[in-house]
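The values are calculated or read from the model by the stated rules, or taken from the named source; none is laboratory data. Quick caveat, the model's predicted, so the values are computed rather than measured. Counting neighbours? That spans all protein chains shown, and the Cβs are built from the backbone with ideal geometry, glycine included. Accessible surface areas use protein heavy atoms only, side chains included; no ligands, DNA or RNA. Shrake-Rupley method; radii C 1.70, N 1.55, O 1.52, S 1.80 Å.
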Amino acid sequence: MVKYFAFLLIFFLTAFHFASAQDGNPQIVPDTVLINGDTLIMLGDSLIVKEEVKETYWKSGGNYNLSVQQVSLSNWAAGGASSFALNTGVSLFANYKKNKKIWETSLAINFGFNRQADRSYRTRKTNDNFKFVSKYGRELSKGFYMSTQLEARTQLLEGYKYFKPSGSDLDSRNLISDLLSPGYVQSSTGLNYQKEKKDFKFSAILSPFTGRFTIVLNDSLSQAGAFGVIPGDPVRPEAGASLGTSINTKVMENITWKADLNLFSNYGKFGNMVVNFNSTISMKVNKYISTRIETVLIYDENVYIEMEDGSKSRAIQLQNLINFGLGIDF
């Protein structure tokens, strides 16, 4: 009988304790254990593993764009000609930042052509640009870096000047450029200032130690001394100072602006600037459709442009493109 009452007493005490625990809703404090930097939280019979968030040092991405235009005419009383035009481009970037070190690399390739049925040389190039930039820097103080930048520019295919010889109804053409004809390689070392916020990035590098190389590998162009090289010499080296700036900002919702300006002056003719300016305004309609306005401006006193009258002269080179079509960010 005593054992029976003892058993009932233990049963009621256990039940009472359990009920009190449920009614009082006591706070359960989990045990935590650290193993190799990972936090393990033990709660009752459950084991929760809380992984440490690792910092990401690399950021990469890019954009692809494609626009196509076609006009097809048959027995069209108003006149005109059938034509087809295509413009496409890809831009990629990979940026690294850790502690006081940065490494930023970008690549942009653009190409376009049009084809018109009623002319000689029906297919003609309209856009052809290749640009590679890589910059490494070490922070001296907040926003200021000692940096080295390498920049390379060229084109992919041959470029021609089209004209009609006197007394002829057919077009003729002269080769005026080619792959790495010209090509420009510029290496700069100097002070770099960078400012970066949400949807805004600005960079400017001033370099008193800049080497610039003009490359003309096409033999006929090199023999003619095109783009300022000594006739027969495929490379023209220069030493000077440079200023390179770039900006990437969100102007409005779905509208971004990217631009870069590079100025170079040869110490032999200090003050005479080589100017390279690129600007791209992107207006997103939706995830896949966008409008792009691209502008390229170049001035180089060593480059002589053939005019309509056949003479050659220094001139500002200007390219402006407006594209509406596919635009994918990744």
Task: Boolean, Val251 is touching a strand residue (DSSP E or B) at 6+ places or on another chain (Cβ under 9 Å), surrounded by 12 or more Cβ atoms within 10 Å (Cβ to Cβ), of a type in the set (Val, Ile, Thr) and under 19 Å from Ala152 (Cβ atoms) - done: no
Open item on the list: Name the residue that is least open to solvent (accessible area, probe 1.4 Å), counting only residues in region 136-177 that are of a type in the set (D, E, K, R) and closer than 16 Å to Lys97 by Cβ.
Closed with: Glu139
- [ ] Tell me which residues, restricted to region 91-110, are closer than 15 Å to Gly137 by Cβ and either open to solvent by 40 Å² or more (accessible area, probe 1.4 Å) or more than 14 Å from the chain's Cα centre (by Cα) (or both).
- [x] Tyr96, Lys97, Lys98, Asn99, Lys100, Lys101, Ile102, Trp103, Ser106
Task: Lone qualifier among Thr280, Thr189 - being β-branched (Val, Ile, Thr) and farther than 30 Å from Leu66 by Cα - done: Thr189
Open item on the list: Testing Asn286 on (1) under 25 Å from Ser203 (Cβ atoms); (2) open to solvent by 60 Å² or more (accessible area, probe 1.4 Å); (3) modelled with pLDDT under 95, one condition comes back false. Which one is that?
Closed with: (1)
Task: Enumeration of residues in region 257-303 that are at negative phi and among the small types (Gly, Ala, Ser) - done: Ala259, Ser265, Gly268, Ser279, Ser282, Ser290
Task: All positions within region 133-158 that are of a type in the set (Lys, Arg) and more than 17 Å from Arg212 (Cα to Cα) - done: Arg138, Lys142
TODO: Specify the residue that is modelled with the lowest pLDDT; the eligible residues are those in region 254-277 that are open to solvent by 20 Å² or more (accessible area, probe 1.4 Å) and aliphatic (A, V, I, L, M).
DONE: Met273
Task: Gln317, sole failed condition from (1) modelled with pLDDT of 95 or more; (2) surrounded by 15 or more Cβ atoms within 10 Å (Cβ to Cβ) - done: (2)
TODO: Any chance you could count how many residues in region 56-95 are without any contact (Cβ under 8 Å) to a residue 24 or more places away in the chain and either farther than 25 Å from Asn110 by Cβ or of a type in the set (Ser, Thr, Tyr) (or both)?
DONE: 10
Task: Residue match in region 183-196 (condition: farther than 19 Å from Ala108 by Cβ, under 19 Å from the mean Cα position of the chain (by Cα) and of a type in the set (Asp, Glu)) - done: yes
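A quick yes/no check of all residues on (1) in contact with a Pro (Cβ under 8 Å, 6 or more places away or on another chain); (2) at pLDDT below 95:
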site: Leu180; (1), (2): no, no
site: Tyr184; (1), (2): no, no
site: Lys197; (1), (2): no, yes
site: Ala204; (1), (2): no, no
site: Phe209; (1), (2): no, no
site: Val216; (1), (2): yes, no
site: Asp233; (1), (2): no, no
site: Gly240; (1), (2): no, no
TODO: Return the only residue of Ser67, Ser60, Ser82 being at pLDDT below 95 and either open to solvent by less than 50 Å² (accessible area, probe 1.4 Å) or over 17 Å from Thr126 (Cα atoms) (or both).
DONE: Ser82
Task: strands (runs of 3 or more DSSP E) enclosed by region 157-231 - at least 3 residues per element that are among the basic types (Lys, Arg) - done: none
Task: Boolean, Ser134 is touching a Leu at 6+ places or on another chain (Cβ under 6 Å), among the hydroxyl-bearing types (Ser, Thr, Tyr) and in a strand (DSSP E or B) - done: yes
